[in-house]
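Step one of this worksheet: look at the structure below.
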Amino acid sequence: MAGKEVLFKVDLKEIKEKNLPEINDEFAKDLKSSSLKELKRRIREDLERYEREHSERILRDNLMDWLIRKTPFPLPQAMVERELEAMVEEALTRMRYSGIDPKRMGIEETKLKERYRPSAEKKVRNTLILEEVGKKENIEVSEDEIGKRIEEMAKASGQKKEDLEEFFQKERSHLAGLREEIRLKKALELIVDKARIKEKKVKERRKHQDAKV
């Protein structure tokens, strides 16, 4: 049929028009707000929280990049390889979950390793720096902090807190990993607290927090 004119006959059954709802209190109630004013307040708070968290992420990244530049040291290649393997496996799992067969798509694991190696090296370097800060500052993690983190994880995943607590009690290696995660986070928070922070505007008109240590 390529290059030929073809005549098709179709029967039009119906025409639909999308009607947008009126923005009023009834619309707000459908979104679980008591009124339109309340809905606007919630949206504003969500946007402000997003901007605040975005700025904090930029600040933490800038601080760690600064520390990496100021404290060069050779990396334990065994740690890098373990982190690299984990990153590649996570990438492959995401592909399979999305219905992509890496082999059929010609995605080679060696190519993925080349792509993720800089990220793996950076993550290992970040971890080692924060571990050293944690040791020097004698940062410890309390049982209350572990309980609070488990509660946050339960809310985020929709699981029962008791089930997660039971899991971590049985899987002691995972509990140790959770404790270390909290300790590293506290080390990073300590670095942020001791940094001299200067705010400046960026092109997106967001407040961008830069840091000088």
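No lab work stands behind these numbers, since they all come straight from the coordinates. Being a predicted model, the structure only gives us computed values, none of them experimental. When we count neighbours, we look across all protein chains shown, and the Cβ atoms used for this are built from the backbone with ideal geometry, even at glycine.
Before moving on, here are some points about what is shown:
- Greater than 25 Å apart at Cα, pairs in LYS37/LYS160; LYS122/LYS161; LYS40/LYS148; LYS136/LYS185: LYS37/LYS160; LYS122/LYS161; LYS40/LYS148
- Label separation (ARG41 vs ASP11): 5.6 nm, computed from points 7 Å beyond Cα along the C-beta direction.
- Whole-angstrom gap from region 42-116 to region 15-40, using each part's C-alpha centre: 38
- Estimated from helices alone, the mean residue ellipticity of the chain at 222 nm is -22500 deg cm²/dmol (sum of -39500 (n - 2.57) over DSSP H runs with n ≥ 4, per residue).
- Its Cα gyration tensor gives region 73-136 an equivalent ellipsoid. The semi-axes, each the square root of 5 times an eigenvalue, are 29, 12, 7 Å from largest down.
- Taking the number of Cβ atoms within 10 Å of each Cβ as an exposure proxy, the fewest-first ranking of LEU184, LEU92 is LEU92, LEU184.
- Quarter of the Cα convex hull surface for the chain, i.e. its orientation-mean projected area (nm²): 23.2
- Here the gap between GLU162 and GLU114, fully extended at 0.36 nm per residue and compared with their Cα-Cα distance, gives a gain of 13.2 nm.
- Averaged over residues, the count of other Cβ atoms within 10 Å places the peptides 79-90, 155-166, 95-106 in the sequence 79-90, 155-166, 95-106, highest first.
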